[in-house]
1. Answer yes or no as to whether residue 72 is touching a helix residue (DSSP H, G or I) at 6+ places or on another chain (Cβ under 8 Å), within 14 Å of ligand 2 (Cβ to nearest atom), modelled with pLDDT of 90 or more and of a type outside the set (Val, Ile, Thr).
2. Test residue 208 against the stated conditions and say whether it is within 16 Å of ligand 1 (Cβ to nearest atom), part of a loop (DSSP other than H, G, I, E, B) and at pLDDT 95 or above.
3. Which residues, taken from the range 120-143, are assigned to a helix (DSSP H, G or I) and either touching a residue at least 40 places away in the same chain (Cβ under 8 Å) or of a type in the set (S, T, N, Q) (or both)?
4. Taking the range 193-204 as the search range and keeping residues that are closer than 13 Å to residue 2 by Cβ and touching a helix residue (DSSP H, G or I) at 6+ places or on another chain (Cβ under 6 Å), which one is farthest from ligand 2 (Cβ to nearest atom)?
5. Which one is surrounded by the fewest Cβ atoms within 10 Å (Cβ to Cβ) among residues in the range 34-48 that are touching a helix residue (DSSP H, G or I) at 6+ places or on another chain (Cβ under 8 Å) and farther than 15 Å from residue 130 by Cα?
6. Which residues, counting only those in the range 90-119, are aliphatic (A, V, I, L, M) and either in a loop (DSSP other than H, G, I, E, B) or in contact (Cβ under 8 Å) with a residue 60 or more places away in the chain (or both)?
Amino acid sequence: MGITQSIMLGTWCIATYALLKSNPKPSPKDGQRQRQIKILRELYGFDYAKRNIAFAGTSGIGKSTMINSLRGLKEGDEGAAKCDYDECTMEVARYPLCSHIDLWDLPGAGTVRHPSAGYFDDKHLFIMDAIVIVVRNRLSEIDMEIARRARNERIPYFFVRNLVEEAKKKDPEMRQKIVKRFEESFKDLQVKPKLYLVNAHAFSDNAFDEKVLAEEVLKNIVYRK
Ligand SMILES: Nc1nc2c(ncn2[C@@H]2O[C@H](COP(=O)(O)OP(=O)(O)O)[C@@H](O)[C@H]2O)c(=O)[nH]1
Ligand SMILES: [Mg+2]
């Protein structure tokens, strides 16, 4: 593992270690919903001492690549998630990041096998502690729907724009344009989420907002909602 990878892993894992140790139990949600969440968490084999972060969004957007990169792996390495422009993540799969964080790779939404309608419920996103919504240049209806549902379920969610290194090659001033277009999608809504720019292929390089994203996710998952 290289030094930059170790630093990135440290950002994700060390900062929260003590806090999570002293706060291992989830706070209760109400009645039936809480029971449903509990049963599903048991079915998925959740470890209550761990926080669970899902990577969701449309197909071929870089979710699996991002998970591999965070774990210091490349496509094709042993234990790495499979990546391709073709739909290749078929089932929800867990990838441990460290002793207190698991990452969950989801099949992309909006394909015949994994239609957008019902994606949030079908993939049981409501049992997660945080949801990273990976997007490219345009927000899709399903991205907005995941965010809306996450907000209703009081699950922290994060919009992450992947492939910014490609956008930067074409236009060094891309940040303002990307952020402006993103903000326009929310102009009629009360919520104003932030957009984090990343390069999933080289997360540890922290050339864009990779470290800020890690810090924001962790701040929001210490106390489980
Ligand atoms: N250049 C570049 N390619 C990427 C990046 N992230 C993903 N890809 C490529 O996009 C394709 C789809 O990625 P994948 O992680 O399988 O997408 P998923 O369906 O969202 O899991 C793969 O060929 C990746 O190598 C990135 O940040 N930069
Ligand atoms: Mg995938």
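The values are calculated or read from the model by the stated rules, or taken from the named source; none is laboratory data. Being a predicted model, the structure only gives us computed values, none of them experimental. When we count neighbours, we look across all protein chains shown, and the Cβ atoms used for this are built from the backbone with ideal geometry, even at glycine.
1. Considered against the rule, which asks whether it is touching a helix residue (DSSP H, G or I) at 6+ places or on another chain (Cβ under 8 Å), within 14 Å of ligand 2 (Cβ to nearest atom), modelled with pLDDT of 90 or more and of a type outside the set (Val, Ile, Thr), residue 72 comes out as no.
2. So residue 208 fits the description; yes.
3. Within the range 120-143, the first condition is being assigned to a helix (DSSP H, G or I), and the residues that meet it are 120-122, 125-127, 141-143.
Result: 125, 126, 127, 142, 143.
4. Our first condition is that a residue be closer than 13 Å to residue 2 by Cβ; within the range 193-204, this holds for 202-204.
Of the ones still in play, those that are also touching a helix residue (DSSP H, G or I) at 6+ places or on another chain (Cβ under 6 Å) are 203-204.
Working: 203: 15, 204: 20 Å.
In this case the residue turns out to be 204.
5. Within the range 34-48, the match that is surrounded by the fewest Cβ atoms within 10 Å (Cβ to Cβ) is 40.
6. Filtering the range 90-119 for residues aliphatic (A, V, I, L, M) gives 90, 92-93, 97, 101, 103, 106, 109, 112, 117.
90, 92, 97, 101, 106, 112, 117 - these are the residues of the range 90-119 that are aliphatic (A, V, I, L, M) and either in a loop (DSSP other than H, G, I, E, B) or in contact (Cβ under 8 Å) with a residue 60 or more places away in the chain (or both).
Condition check ((1) in a helix (DSSP H, G or I); (2) in contact (Cβ under 8 Å) with a residue 24 or more places away in the chain; (3) buried (at least 18 other Cβ atoms within 10 Å of the Cβ); (4) not acidic (Asp, Glu)) across all residues:
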{"site": "155", "(1), (2), (3), (4)": "no, yes, yes, yes"}
{"site": "176", "(1), (2), (3), (4)": "yes, no, no, yes"}
{"site": "182", "(1), (2), (3), (4)": "yes, yes, yes, yes"}
{"site": "204", "(1), (2), (3), (4)": "yes, yes, yes, yes"}
{"site": "212", "(1), (2), (3), (4)": "yes, no, no, yes"}
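For (1) of a type in the set (Gly, Ala, Ser); (2) assigned to a loop (DSSP other than H, G, I, E, B), each residue gets a yes or a no:
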| residue | (1), (2) |
| --- | --- |
| 167 | yes, no |
| 188 | no, yes |
| 193 | no, yes |
| 220 | no, no |
